[in-house]
Amino acid sequence: MPSWERDLGKACVVDRGSPNVERSDLSLEETHDAVSSFPVSEVHDPPPKNTSRCNVPSESMYKHLYWRSLKDADNFWKERALEKLRWFQPFTKTQHGSLKDGDISWFLNGKLNVCDNCVDRWAEQYPQRVALICEGDNSDESQVVTYRELQDQVCRFANLLKSLDVRKGDIVTIYLPMIPEIVYAMLACARIGAVHSVVFAGFSANSLAERLEDANSRVLITATNGLRGGRVVRLKAVVDEALKLCSCVQHVVLFRKSADPASFVDGRDLSGDDLLPQMRPYCPLETMDSEDLLFILYTSGSTGKPKGVCHTTAGYLLYAALTHEYIFDYHPGDTFGCMADCGWITGHSYTVYGPLCNGASTILFQGTPTYPNPGRYWELVQKWKVTQLYTSPTAIRALMQHGDEWPKKYDLSTLRVIGSVGEPINPEAWRWYFTNVGRSQCSVVDTYWQTETGGHVLAPFPGATVTKPGCAMVPFFGVEPAIVDPQSGEEKTGNNVCGVLCIKRSWPGMCRTVHRAHKRLLNTYLTPYPGFYFTGDGAYRDADGHYWITGRVDDTLNVSGHRLSTAEIEHALVQHPSIVEAAVVGVPHDVKGTAVFCFVILKADASEEGIVEQARAQVRKEIGPIATPDFIVVAPGLPKTQSGKIMRRLLRKLCCLDTNLGDTTSLCNAEVINSLRALVTETVLVERKKQMAAQNSRTSDKRTENSAK
C-alpha cells in the first residue's frame, strides 16, 4: 500500500455533526476504531528526576487534593485564592451559580488587579529577577526584561492608552508579533481596567476587521511587520486593508520593527516608539472586581462566525497560575519556555498570566522550531537553562522528521518537564519527545484544555501520576469529567467507556460568556447536554480510569493545534465567483494532526483551470494562511439527504479511503459516491507526488549546501 494511502487510511474519529440540532448524527463507531489503537497498557512511572521535590509528590497526595476540590470545593478554592493572589478587598463568597443556569461567578465581591499580581508585587520583592526572555526570529536577537523594567514599561504603556482616552471596560485590540510590546500592551490594559483582544498576527484583513467590529475597538496596537521563520510578515499592510472594512478604530498605535517602508495615516496612526518614552513610568492600579472582564479571545465556532470568549479577572488568573504551578511543577528560579503565540489561549495562560502570576522567568519566542535550523528549540533550552518546555505535537512531529541527532547536540539537562498542547499527541511523537528531548528523565505532560476552559482540565501531574503515550490522564483539581452517551444524553459510569466529554460542575477558569452573545454560550456549551459543560470532544475512559481524547465531535477542525471552523472555510470558498457550493472536512495528517480537505461545486459555465490555487488564495485572503486547504476536489456533486443536508460523514470516509461507508439509505444521490471516490484518490495522489518532489528538492539542495561547505 502506498504511504499516502496508508496515511489517509488511518481511522478518522467521531462524526462532527452539530451538537445543537443534530446530536443524533453523532456515531461512536469511529471512536471505537480510534480507541482500539490506544497503547493503554504502556505505562511510564514518574521519572526519579521529578519525585524528590514535586508540588504534588505522590499519587495519594493527588487523590487527597482532588477529593477535597470536589467534596469541600468552597474551602479548597478559598484557601488557594487567598494564598496565591494579592487582594485589595477579600471576597465574601467563593462561588455562585450553576452550569444549568449558565450564570457562573467566582470569588464574589473580591477586589484586586491582575497587573498588581503579575508585575508589581514581584517588582517590589525581586526587582532584578528576570521576567521576560525575548527571543527573536534569529537566535542572536535576545532581550531580557526584569520585573522592575517590566513594571516601568507597562506603566508607560498604560499611560499611553489613557492619553487616548481608553477607560475601564473599553476593548483594545492588539495585533502584534511576539515582541515585548505584546506583553506590555496586555498588562497595561489589565492595569487600567481595559479589556484586551489579541488577534493572531497571521490572520487576514477580513478576519481582523471582523474581530475589530465585534469588539468595537477604538484603539488598535500593531507593528509595521513581524519576522517568522526568516519571512517578513507585513502587518501594517493588513491593518490598512482591515480598516477599510470597519469604521470603529480611531487610533492605531504603531511600532516600527524594521527600516522597511510602511504607510502612516496622519490623524489616525501614532508612533508608539516616539510616544512610549514620553510617558511617565508610574500609573496607578485600577481596582477591579473579581468578575470584571479581563480579556476577549476569538475562537472558531461551528456557525463560522468567530466567538469572542470572555474571561474574567480573579477566577481566570488563579486557575492559570495554579495549573502552571502544579502541571509544570513550577518552583521559584525556574525558567519556563512556552513556545505558543499570544494570539492563542496558550500564550495568554502559559506565556503571560500563569508564569508571571507565579513570579517566573518566561520566554517570549518569535521564531519557529526549524529556523534557522532544526536545533532552534534545543539551542534555546541550552542558552537559557530552560526547566519546562511547552510546545505542540505539530512542532514535535516536524522536528522528528529531522532525526534524533539535533537534540543530542545540545545540553538539555536542565529540563524537568516537557509539555504538549493543542491536540492529543500521537504515541510515536510522545516516545520521541520523551526519549530524545527528555532523555527518558523528564515528565511528559500531555495537556487537554480549550480557550473556553482558561487552563488545563486534564493532564498528568509530574511526580504523582503515571503517564501513557497519547493519554491526557487525570482531571485537574475541581474538574469533574463525565463521559456522556451522545444519543441518550445520559452519563456513562464506570471505566472502559467512550462517548462525548463533558464536565459536571463549574471551575474558576471557565469562560463566563461570549461577547455580545450569551445565548451562543448557552447553545454551544450548556444546552446540548443539560447540567453539563459540553467540550465538543469525544473521549475514552480506560480500565484504569485515565482519559483519552478521541477528537472533535462538532464542526471545527484542529489544525496544528488551532481550532478552525469548517463553516468559516466554506464561506470563504464560496466568495470565489466561480464556486457555488463547498463542503470542508478534516482528515488525519502526520505533522499537522488534521488536514483541511475541501470539495467545491462550480457554476455550470465556470472553467476548472487554475481554480484549485485560486480557491486556496481565496481562503488565505478571507481567513489567513493558517486555514489554507491541503486538498481541494472540484466535485460533480455532494452526497445529500432528501432534505438537502450534506452528509459530511460520508465525505470524511471517502477522504480516509474507507470503503465501509455505513448506512447510505438516506442519500438522495448515491450515484455521486463513485465519482467522488475516484476524484479523491486522484487528488491525494497528485498532492503527495508534489510533496515528495518538494522534499527531494530540499534534500538535494541540502546536499549541495553541505558539499559547498
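Output the antiparallel fraction of DSSP beta bridges having both residues in region 72-367, as a percent to the nearest 5. Taking every DSSP beta bridge with both residues in region 72-367, the antiparallel ones total about 45 percent. From most to least packed by mean Cβ count within 10 Å, the peptides 317-328, 163-174, 412-423 give 317-328, 412-423, 163-174.
When you work out D = kT/(6 pi eta Rh) for region 72-367 at 20 °C and 1.002 mPa s, using the Kirkwood radius from C-alpha pairs as Rh and the Stokes-Einstein form, the result is 110 µm²/s.
Rounded to 0.05, the FRET efficiency of the residue 74 and residue 247 pair, given R0 = 41 Å and the Cβ-Cβ distance, is 0.30.
Based on C-alpha pairs under 8 angstrom that are at least 6 apart in sequence, region 509-575 has a relative contact order of 15 percent.
In whole percent, what relative contact order does the chain give with Cα contacts below 8 Å and a gap of six or more residues? If you can, show how the numbers build up before the last one.
Numbers: 1542 pairs, mean separation 111.8, N = 709.
After rounding, I find 16 percent.
Other residues lying with their Cβ under 9 Å from the Cβ of residue 249 contribute a combined charge of +2, Lys and Arg counting +1, Asp and Glu -1. Counted by Cβ distance under 15 Å from residue 278, the other residues give a net charge of 0, where Lys and Arg count +1 and Asp and Glu count -1.
Listed peptides 64-71, 215-222, 76-83 appear in the order 215-222, 76-83, 64-71 once ranked by packing, highest mean of other Cβ atoms within 10 Å at the front. Put a plus charge on the Cβ of each Lys and Arg, a minus charge on the Cβ of each Asp and Glu, and nothing anywhere else: the dipole of region 72-367 about its Cα centre is then about 360 debye. Compute the label zone of residue 385 within region 98-141: residues whose backbone N is under 13 Å from the point 7 Å along Cα-to-Cβ. Within reach of a label on residue 385: 130.
For region 592-647, GluC sites (Glu not before Pro) meeting the loop criterion (DSSP other than H, G, I, E, B) and having at most 11 other Cβ atoms within 10 Å: 608, 609. First check a/c for the chain, with a ≥ b ≥ c the square roots of the eigenvalues of its C-alpha gyration tensor; if it is under 1.5, answer rounded, and if not, answer prolate when a/b is larger than b/c or oblate otherwise. It comes out rounded by the Cα gyration axes.
The calculated FRET efficiency for the pair residue 409 and residue 138, based on their C-beta separation and a Förster distance of 25 Å, comes to about 0.85. Overall, region 481-552 carries a charge dipole of about 520 debye about its Cα centre when +1 sits on the Cβ of Lys and Arg and -1 on the Cβ of Asp and Glu, all other atoms neutral. A cut-off under 12 angstrom between Cβ atoms defines the neighbours of residue 210, and their net charge, with Lys, Arg +1 and Asp, Glu -1, is -1. Under a model in which nothing but the beta-carbon of Lys, Arg (+1) and Asp, Glu (-1) is charged, the chain shows a dipole of about 780 debye around its Cα centre.
FRET efficiency for residue 103 and residue 609, Cβ-Cβ distance as r, R0 = 41 Å, nearest 0.05? Rounded to the nearest 0.05, the efficiency is 0.15. Derived value for region 147-188: Kirkwood hydrodynamic radius 10.7 Å. Basis is the mean of 1/r over every pair of different alpha-carbon atoms.
Just going by the charge dipole of the chain, with Lys and Arg at +1 and Asp and Glu at -1 on Cβ, which of 650, 497, 185 is farthest out on the positive end? In the chain, that residue is 185. Annotation: the antiparallel percentage among DSSP beta bridges lying fully within the chain is about 60. Our summary gives region 72-367 a relative contact order of 21 percent, counting only alpha carbon pairs under 8 angstrom and 6 or more residues apart.
Residues of region 311-336 with an amide N closer than 19 Å to a point placed 7 Å from the Cα of residue 124 along the Cα-to-Cβ direction: 314, 318.
A short reminder: the numbers here are calculations on the coordinates, not readings from a lab. Since we're looking at a predicted model, the values are computed, not measured. No Cβ is skipped: glycine too gets one built from the backbone with ideal geometry, and neighbour counts run over all protein chains shown.
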